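Asks: The following block contains the structure, expressed as C-alpha cells.
The values are calculated or read from the model by the stated rules, or taken from the named source; none is laboratory data. As the structure is a computational prediction, the values presented were derived from the model and not from experiment. FYI the Cβ positions are ideal-geometry reconstructions off the backbone, even for glycines, and counts take in every protein chain you see.
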Amino acid sequence: MVHQITLSPCHPLSHSPTQRLADTTSPMSIETKLAVLAIASYFLGSVPFGLIIGRLKGIDPRTAGSGNIGATNVGRLLGGKYFALVFTLDLLKGLLPMLLAAWLVRHLADNDKPYLMWMLVGAGSIAGHLFPVYLKFKGGKGVATSAGVLLGLWPFYTLPGLLVVGLFIAVYAITRTVSIGSIIGAGAFPIVYVLFGVWKQWPVFTTQLPLLIFAILVAVMIVWKHRTNIRRLLAGTEHSFRMETQTGEELATETQRHGEEKDS
C-alpha cells in the first residue's frame, strides 16, 4: 500500500527548488550596493587618463611641463583638443558613479536619502584621482573629477555646480589662466550652494548639513592642491593656458621650473 505524504505549506520541501533557492539567498541591500560602488569608484577614479593619453602621444606628463597628469598640463603639452579629452574623461570618472548612486538612492523606501553614502561614492572617485593606486598614490589636482561628482548629485549640487562652471568659464575667458578659474570656482561653490539652497528652501543647515560640509571639504582640497599655483600667481610667474601646443623652448622652461619647485 502506498501512503501519500502531505507536507505542510510551512515545510521547506513544500516549495519548488526555485523558491527554496530564493529563501536561502537574500538580496544585497541598497546601502551595501552603495558601499561596493564607493570602492569601485575609487578604482575608476584612479585611472590616469592624462598619463594614458600622454603616453599614447609619446609624452609622459609626469616628467614634462608642470609634471601634473591633469588636463591642463596635457593640454599645454599636446594642445587644446587633448585638454578637452582628458578633462571630459576625468569628469566622467566622478559623474558616472554619482549617477548610478542616484539611481540606487531613488529606490530606497526611506524618504530620508542617505547623503553620507551618496557622498562616499563621490569621495571615492575624488580620492582615486588624487591618490591613484596605479601610480603609487601620486595623482592630479581633482578639479575635473570633483566637477563630475558635484554635477552628479542632482539637484542639490548640480544646479549650483552649473552656475560655478559658468563662473569658471568667465574667469578663464578674462584671465586665460585655468588655475585662477579653478581656485575661484572651488571657493565659490559652497557659497553658491547655500544661496541656492536658501532660495529653493532646501534644509541646508539641517538634513542636508552633510552636503554643506562635503562642499566645503572639496573646496578646501582643490585650493590646497593649487598651493604651488598660488605661489606662482603671487610671484607673477604663473603661465596662462593657450589652446595651441607649447613650443620646445616653452616646454623646456616649464619643465625646468617644475624641477626647481620640487627641489625647494
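Asks: Hey, any hits in the range 134-143 for a residue that's in contact with a Gly (Cβ under 6 Å, 6 or more places away or on another chain), assigned to a helix (DSSP H, G or I) and under 24 Å from Ala102 (Cα atoms)?
Replies: Filtering the range 134-143 for residues in contact with a Gly (Cβ under 6 Å, 6 or more places away or on another chain) gives 140-141.
Subsequent filtering for residues that are assigned to a helix (DSSP H, G or I) retains none.
No, there is no match, as no residue in the range 134-143 is in contact with a Gly (Cβ under 6 Å, 6 or more places away or on another chain), assigned to a helix (DSSP H, G or I) and under 24 Å from Ala102 (Cα atoms).
Asks: Return yes when Ser14 is out of contact with any Phe, Trp or Tyr (no Cβ under 7 Å at 6 or more places or on another chain), modelled with pLDDT of 50 or more and polar (S, T, N, Q) and no when it is not. Please lay out each step first, then the result.
Replies: Details: out of contact with any Phe, Trp or Tyr (no Cβ under 7 Å at 6 or more places or on another chain): yes; modelled with pLDDT of 50 or more: no; polar (S, T, N, Q): yes.
Answer is no for this residue.
Asks: Quick one: how many residues across the range 171-190 are without any contact (Cβ under 8 Å) to a residue 40 or more places away in the chain and in contact with a Gly (Cβ under 8 Å, 6 or more places away or on another chain)?
Replies: Counting residues in the range 171-190 that are without any contact (Cβ under 8 Å) to a residue 40 or more places away in the chain and in contact with a Gly (Cβ under 8 Å, 6 or more places away or on another chain) gives 2.
Asks: Checking Phe168 against (1) aromatic (Phe, Trp, Tyr); (2) assigned to a helix (DSSP H, G or I); (3) more than 30 Å from His239 (Cβ to Cβ); (4) free of Cβ contacts under 8 Å to residues at least 60 places away in the same chain, which single condition isn't satisfied?
Replies: Result: Phe168 passes all but (3).
Asks: Sticking with this structure for a sec: Taking the criterion of being without any contact (Cβ under 8 Å) to a residue 12 or more places away in the chain, outside the structural domain of Trp118 (by TED's automatic domain parsing) and within 18 Å of the chain's Cα centre (by Cα), would at least one residue in the range 191-214 satisfy it?
Replies: Yes, the range 191-214 has at least one match.
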